[in-house]
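Novice: One structure follows; several queries about it will come next.
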Amino acid sequence: LFKKAYEETKKRNPNESDEFIKRVAEAIAVGTFRYEMLKVSPEKIIVFDMDEALRMEGNTASYLQYAHTRCAGILRKASKWKKTFSPPTNLHEQEKKLVKKLLKFPEVVKKAATELKPHYICNYAYELSTILNEFYHTCPVLGAKEEKIKNFRLTLVEATKTTLKNALHLLGIEPLERM
């Protein structure tokens, strides 16, 4: 698992130090194993497919870690901006979906803890990452035409990053700033 993660990380980051590549590969490998064990409902049988588990798309730890990384990258590029919690007058449908999903996190965590079913958090984090990707592709964040919209969208990205970080921590998976 580590070897495959190392090779993929090195391929994607040819100019990075070996120390960086090893650290990221380890976080991916450990996260992949944990996520594959936790994403399955406790009463079901776990089938582990290493190639499937290491994919960067789909319901995998790498996909969630990448979504967190994407948020971190957007926020790094934005540098200076002002948090804006009041939405623009006409929210885009993807903005609405993201806000609604973010608001459900405490409820999901409570349910997962009460029922001892961490796969609820896995499902939530996967759905949040998917909604983030849809949002990112349909709503320009850094390229928004108005400053108020840009700031609101950056606030959404930061809230998503924080929520994903918290979900990943609950699952014992390291949220990465860069991959």
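Novice: Top mean-square fluctuation among HIS119, HIS92, HIS68, Gaussian network model of the chain, C-alpha springs under 10 Å?
Specialist: Ranking HIS119, HIS92, HIS68 by mean-square fluctuation puts HIS92 first.
Novice: Which pairs break 22 Å Cα to Cα here: LYS96/LYS148; LYS22/LYS44; LYS3/LYS44; LYS10/LYS161; LYS10/LYS150; LYS97/LYS165?
Specialist: LYS22/LYS44; LYS3/LYS44; LYS10/LYS161; LYS10/LYS150
Novice: Calculated FRET efficiency, THR138 and GLU26, Cβ-Cβ r, R0 41 Å, to nearest 0.05?
Specialist: Efficiency at R0 = 41 Å is approximately 0.75.
Novice: A further question on this structure: Stretched out fully, how many nm does the piece from MET37 to LYS10 gain, at 0.36 nm a residue minus the Cα gap?
Specialist: 7.1 nm
Novice: Right, here's the next one. When the accessible area of the range 35-179 is split by element with a 1.4 Å probe, what percent falls to carbon and sulfur?
Specialist: Reported share for carbon and sulfur atoms: 55 percent.
Novice: A follow-up question, please. From the phi angles alone, apply the Karplus equation (6.51, -1.76, 1.60; θ = phi - 60°) to the range 159-170 and give each ³J(HN,Hα) in whole Hz, x where the residue is Gly or Pro.
Specialist: 5, 5, 4, 4, 5, 4, 4, 5, 4, 4, 4, 4
Novice: On a 1.4 Å probe surface of the protein chains, which of PHE20, PHE2, PHE135, PHE85 comes out largest in accessible area, and what is the full order?
Specialist: From most exposed to least exposed: PHE85, PHE2, PHE20, PHE135.
Novice: Right, another one. Compute the Rg/Rh shape ratio of the chain: radius of gyration over Kirkwood radius, all on alpha-carbon atoms.
Specialist: My calculation puts Rg/Rh at 0.99.
Novice: Relative to the first principal axis of the alpha-carbon coordinates of the chain, what is the inclination of helix 2-12, with its axis defined by its Cα atoms, in degrees from 0 to 90 and to the nearest 10?
Specialist: Tilt relative to the chain: about 40 degrees.
Novice: Of VAL30, VAL108, CYS122, which is farthest along the charge dipole of the chain in the positive direction, counting Lys and Arg as +1 and Asp and Glu as -1 at C-beta?
Specialist: Comparing the listed Cα positions along the dipole, VAL108 ranks first.
Novice: Mind pulling the angle between the C-alpha long axis of helix 61-78 and the longest principal axis of the chain? Nearest 10 degrees, somewhere in 0 to 90.
Specialist: Taking Cα atoms only, the helix is inclined about 30 degrees.
Novice: With every protein chain present, what is the per residue accessible area of the range 73-167 (1.4 Å probe, Å²)?
Specialist: Accessible surface, normalised per residue, equals 57 Å².
Novice: Any idea how far the Cα center of the range 161-179 sits from the one of the range 110-126, in Å?
Specialist: Cα centroid to Cα centroid, the span is 15 Å.
Novice: On to the next question. Running a GNM on the chain with Cα contacts under 10 Å, which residue among ASN166, ASN15, ASN123 ends up with the highest mean-square fluctuation?
Specialist: Between ASN166, ASN15, ASN123, it is ASN15 that shows the largest mean-square fluctuation.
Novice: Using the alpha-carbon atoms, what tilt in degrees (0 to 90, nearest 10) does helix 105-115 show relative to the longest principal axis of the chain?
Specialist: 30 degrees
The values are calculated or read from the model by the stated rules, or taken from the named source; none is laboratory data. Because the structure is a prediction, the values reported are computed rather than measured. So basically every Cβ, Gly included, is an ideal-geometry build from the backbone, and we count neighbours across all protein chains shown. Areas reflect the complete protein model, heavy atoms only, side chains present, ligands, DNA and RNA absent. Shrake-Rupley method; radii C 1.70, N 1.55, O 1.52, S 1.80 Å.
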